[in-house]
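Working notes, beginning with the structure itself.
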Amino acid sequence: MVLTELRGDGERRTALVTLNRPKQLNALNDALMDQLGDALAAFDADDTVGCIVITGSEKAFAAGADITAMAGFSFMDAYKGDFITRNWERILRVRKPVIAAVSGFALGGGCELAMMCDFIIAADTAKFGQPEIKLGIIPGAGGTQRMPRAVGKAKAMDMILTARMMDAAEAERAGLVSRVVPAAALLDEALAAAELINAQSGPSVMMAKECVNRAFESGLADGLGYERRLFHALFATEDQKEGMAAFVAKRKPVFRQR
Ligand code: HXC
């Protein structure tokens, strides 16, 4: 259900995680999400991995949570089974960058999964949406919270209340995705972005991710204070010495991840 491989030949590699339930358009069920959570936790703990890319198939990143698995749920099934938080929030615990490479449908939980990643690179075929309202439910893995933060209230309300889909161009204009690339180049572009990140100092990358995420969880003064502390802290790293010495000596830095 989830395929994993390591890509790249640098000192730090990229973990590529492919959602693989093609017949169901990568509909997300507990088994798949358990595997995804396990894979992410393992790669996060692996010092040879700098960055993680999550992708799906050409037709679908993921068409949402598995409707057949949820159809018969009672309130207690949903509540006690913790269908959403049991394994979905493991994605948020990953400290290394996670890039979503989205081709085709990213709907419902699939769109929410993409939005849990640090940024989204979209193929020009990508289609985003939160169609849960058509099923008599609402988004349940962060859609009502992350979509307005990404695209603003008006467009988020439009998407969530009408259930319409947004194409890649609109998603880029709205700020949901960082860039749109031709479908055939999606994986290469995502892996190239990951390689750029892998070449940096890992501690700086992790702290930068922490700080950007803090922007969505605090007021401006708190966020600025948090950034200032981590900025100062990075002067205790060997990589800061190396990065600046390399700049002054006009050579490439060799980061040692400490
Ligand atoms: C289970 C799904 C599925 C889903 C597609 N399939 N989406 N199965 N759960 N979310 C299955 C179809 O039933 C079908 O199976 C096969 O995948 C191919 O899909 P088709 O519908 O035949 O393909 P197509 O006509 O191209 O339409 C694609 C589609 C449509 C527009 C993406 O499949 C669709 O609307 N899917 C549902 C999207 C959705 O509502 N997502 C939100 C789910 S709720 P068979 O066996 O017939 O071949 C959600 C809540 C999240 O995500 C909360 C957090 C956990």
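The values are calculated or read from the model by the stated rules, or taken from the named source; none is laboratory data. None of the values given here were measured: they were computed from a predicted structure. All Cβ positions, even for glycine, are placed from backbone atoms using ideal geometry, and neighbour counts span all protein chains on display. Surface accessibility is based on the protein's heavy atoms, side chains included, excluding ligands, DNA and RNA. Shrake-Rupley method; radii C 1.70, N 1.55, O 1.52, S 1.80 Å.
Restricting attention to the range 223-257, which residues are within 16 Å of residue 207 (Cα to Cα) and among the acidic types (Asp, Glu)?
Result: 227, 238, 239.
Checking the condition open to solvent by 50 Å² or more (accessible area, probe 1.4 Å) and at pLDDT below 95, which residue from 217, 210 passes? First the steps, then the outcome.
Details: 210 fails: at pLDDT below 95.
Answer to the selection: 217.
If we keep just the residues of the range 85-98 that are assigned to a helix (DSSP H, G or I) and not polar (S, T, N, Q), which is nearest to the ligand (Cβ to nearest atom)? Talk me through it step by step, then tell me what you get.
Kept after step one, since they are assigned to a helix (DSSP H, G or I), are these residues of the range 85-98: 85-88, 91-93.
Among the residues that remain, those that are also not polar (S, T, N, Q) are: 86, 88, 91-93.
Details: 86: 10, 88: 6, 91: 12, 92: 14, 93: 17 Å.
Taking the candidates together, the pick is 88.
Residue 154 fails exactly one of the following numbered conditions: (1) under 17 Å from the mean Cα position of the chain (by Cα); (2) more than 15 Å from the ligand (Cβ to nearest atom); (3) surrounded by fewer than 23 Cβ atoms within 10 Å (Cβ to Cβ). What is the number of that condition?
Among (1) under 17 Å from the mean Cα position of the chain (by Cα); (2) more than 15 Å from the ligand (Cβ to nearest atom); (3) surrounded by fewer than 23 Cβ atoms within 10 Å (Cβ to Cβ), residue 154 violates only (1).
Looking only at the range 28-65, count how many residues are within 12 Å of the ligand (Cβ to nearest atom) and open to solvent by less than 10 Å² (accessible area, probe 1.4 Å).
7
Looking at the range 116-151, which of its residues are more than 11 Å from the ligand (Cβ to nearest atom), part of a helix (DSSP H, G or I) and open to solvent by 60 Å² or more (accessible area, probe 1.4 Å)?
If the condition is that a residue be more than 11 Å from the ligand (Cβ to nearest atom), part of a helix (DSSP H, G or I) and open to solvent by 60 Å² or more (accessible area, probe 1.4 Å), then 145, 146, 149 are the ones that fit.
Whether any residue in the range 103-115 is at pLDDT 95 or above, closer than 18 Å to residue 88 by Cβ, charged (D, E, K, R) and open to solvent by 10 Å² or more (accessible area, probe 1.4 Å) is what I want to check. Give the steps one after another, and end with the answer.
To start, the set of residues in the range 103-115 that are at pLDDT 95 or above comprises 103-115.
Applying the additional criterion that residues be closer than 18 Å to residue 88 by Cβ yields 106-115.
If we keep only those that are charged (D, E, K, R) as well, we get 112.
If we keep only those that are open to solvent by 10 Å² or more (accessible area, probe 1.4 Å) as well, we get none.
No, the conditions are met nowhere in the range 103-115.
Which of the following residues is among the aliphatic types (A, V, I, L, M) and open to solvent by 40 Å² or more (accessible area, probe 1.4 Å): 234, 176, 230, 161? I'd like the intermediate steps shown before the answer.
Working: 234 fails: open to solvent by 40 Å² or more (accessible area, probe 1.4 Å); 176 fails: open to solvent by 40 Å² or more (accessible area, probe 1.4 Å); 230 fails: open to solvent by 40 Å² or more (accessible area, probe 1.4 Å).
Result: 161 is the single residue among 234, 176, 230, 161 that is among the aliphatic types (A, V, I, L, M) and open to solvent by 40 Å² or more (accessible area, probe 1.4 Å).
Just give me the residues in the range 16-35 being more than 16 Å from residue 57 (Cβ to Cβ) and charged (D, E, K, R), in sequence order.
Within the range 16-35, 30, 34 qualify.
Per-residue answers, yes or no, for (1) in a helix (DSSP H, G or I); (2) open to solvent by less than 80 Å² (accessible area, probe 1.4 Å); (3) of a type in the set (Gly, Ala, Ser):
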{"site": "226", "(1), (2), (3)": "yes, yes, no"}
{"site": "241", "(1), (2), (3)": "yes, no, no"}
{"site": "246", "(1), (2), (3)": "yes, yes, yes"}
{"site": "251", "(1), (2), (3)": "no, no, no"}
{"site": "256", "(1), (2), (3)": "no, no, no"}
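Only residues that are crowded, with 16+ Cβ neighbours inside 10 Å and under 17 Å from the mean Cα position of the chain (by Cα): list them for the range 1-22, please.
Within the range 1-22, 2, 4, 14, 15, 16, 17, 18, 19 meet the criteria.
Output yes when any residue across the range 66-80 is open to solvent by less than 40 Å² (accessible area, probe 1.4 Å), within 17 Å of residue 36 (Cβ to Cβ) and within 12 Å of the ligand (Cβ to nearest atom), and no when none is. Quick ask: steps written out before the conclusion?
Let us first name the residues in the range 66-80 that are open to solvent by less than 40 Å² (accessible area, probe 1.4 Å), namely 66.
Going one step further and asking which of them are within 17 Å of residue 36 (Cβ to Cβ), we end up with 66.
Going one step further and asking which of them are within 12 Å of the ligand (Cβ to nearest atom), we end up with 66.
So far as the range 66-80 goes, yes, one or more of its residues are open to solvent by less than 40 Å² (accessible area, probe 1.4 Å), within 17 Å of residue 36 (Cβ to Cβ) and within 12 Å of the ligand (Cβ to nearest atom).
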